[in-house]
Amino acid sequence: MEIRAGTGGEEAAIFVADLFRLYSKYSLSKGWNCVILDSNQTSLGGFKEVVFEIKGKGVFDELKNESGVHRVQRIPKTEKNGRVHTSTASVAVLPVVESKQMSVKESDLEVTFSRSGGPGGQNVNKVETAVRLHHKPTGIVVSCRSERFQRANREKALEILRARLFEMEQLKAAGSLTDLRRQQIGSADRSEKIRTYNYPQNRITDHRIGKSWHNLETIMEGKLEGIVKAFEKSS
């Protein structure tokens, strides 16, 4: 899964962190394994973007409907005048793609290494274990720093790259890449949304199925079951 901050500056980055916490707590409740592969954290604890992997039975089927632009309406912690702000974040849910399904030529890759930073001891802080891949034909750039060793991070980065390339192929086969990609993750503009999180009214509304829930705070603590089941019933 990939979550990126859209409109709204620091508040959008904080919303990204809120969404990540929602999905990680839901994963924990399901017995799934959730690991951050790469992130760009802000000074106030938000994320400009965060890429993470969730492993477990039925993960993709349960979370695939989270793809799209999520909009939050609330008074930010940084707001001094008590005004409600509107911010957005885009979510992309991609299945793991094996190398036999989507091959990547070594000659198409530009690979760079860096120190990961953060906790983890000598291997993380003093050795260049973080990996960044630039896929030259498409311009896609992915990185991974979650593992202690360079080879493992390279494999994880390749996994992310294959997922993105596979998605591109699927969208091309279905029709217009541009239009369908906008449906998948949107442009993160306020007007493009699949779901709105309205804190003043304690309400989450999914605009695709026209359903609302009035227990926003509870849902944000990882209680996503009601939304998942609503999509199962509507399909």
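Per-structure values
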item: Residue count for the stretch 202-216, restricted to those that are in contact with a strand residue (DSSP E or B) (Cβ under 9 Å, 6 or more places away or on another chain) and without any contact (Cβ under 8 Å) to a residue 12 or more places away in the chain; result: 2
item: Residue within the stretch 28-45 that is within 19 Å of LYS193 (Cβ to Cβ), in contact (Cβ under 8 Å) with a residue 40 or more places away in the chain, surrounded by fewer than 20 Cβ atoms within 10 Å (Cβ to Cβ) and not hydrophobic (A, V, I, L, M, F, W, C) present; result: no
item: 1 or more residues modelled with pLDDT of 90 or more and outside the structural domain of THR7 (by TED's automatic domain parsing): qualifying strands (runs of 3 or more DSSP E) within the stretch 32-118; result: 109-114
item: Scope the stretch 213-235; condition outside any helix (DSSP H, G or I) and surrounded by fewer than 16 Cβ atoms within 10 Å (Cβ to Cβ); matching residues; result: HIS214, ASN215, GLU221, SER235
item: Condition check for ILE194: surrounded by 15 or more Cβ atoms within 10 Å (Cβ to Cβ), at pLDDT 80 or above, among the β-branched types (Val, Ile, Thr) and within 20 Å of the chain's Cα centre (by Cα); result: yes
item: For ASN215: the one exception among (1) at pLDDT 70 or above; (2) polar (S, T, N, Q); (3) in contact with a Gly (Cβ under 9 Å, 6 or more places away or on another chain); (4) within 22 Å of GLU49 (Cα to Cα); result: (4)
item: Some residue of the stretch 84-102 being in contact with a Gly (Cβ under 6 Å, 6 or more places away or on another chain) and over 28 Å from LEU133 (Cβ atoms); result: yes
item: Matching residues, the stretch 189-226, being under 21 Å from CYS34 (Cα atoms) and touching a Lys or Arg at 6+ places or on another chain (Cβ under 8 Å); result: MET220, GLU221, GLY222
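The values are calculated or read from the model by the stated rules, or taken from the named source; none is laboratory data. Here the structure is a predicted model, which means the values were calculated and not measured. In this analysis, Cβ positions are derived from the backbone assuming ideal geometry, glycine residues included, and neighbour counts consider all displayed protein chains.
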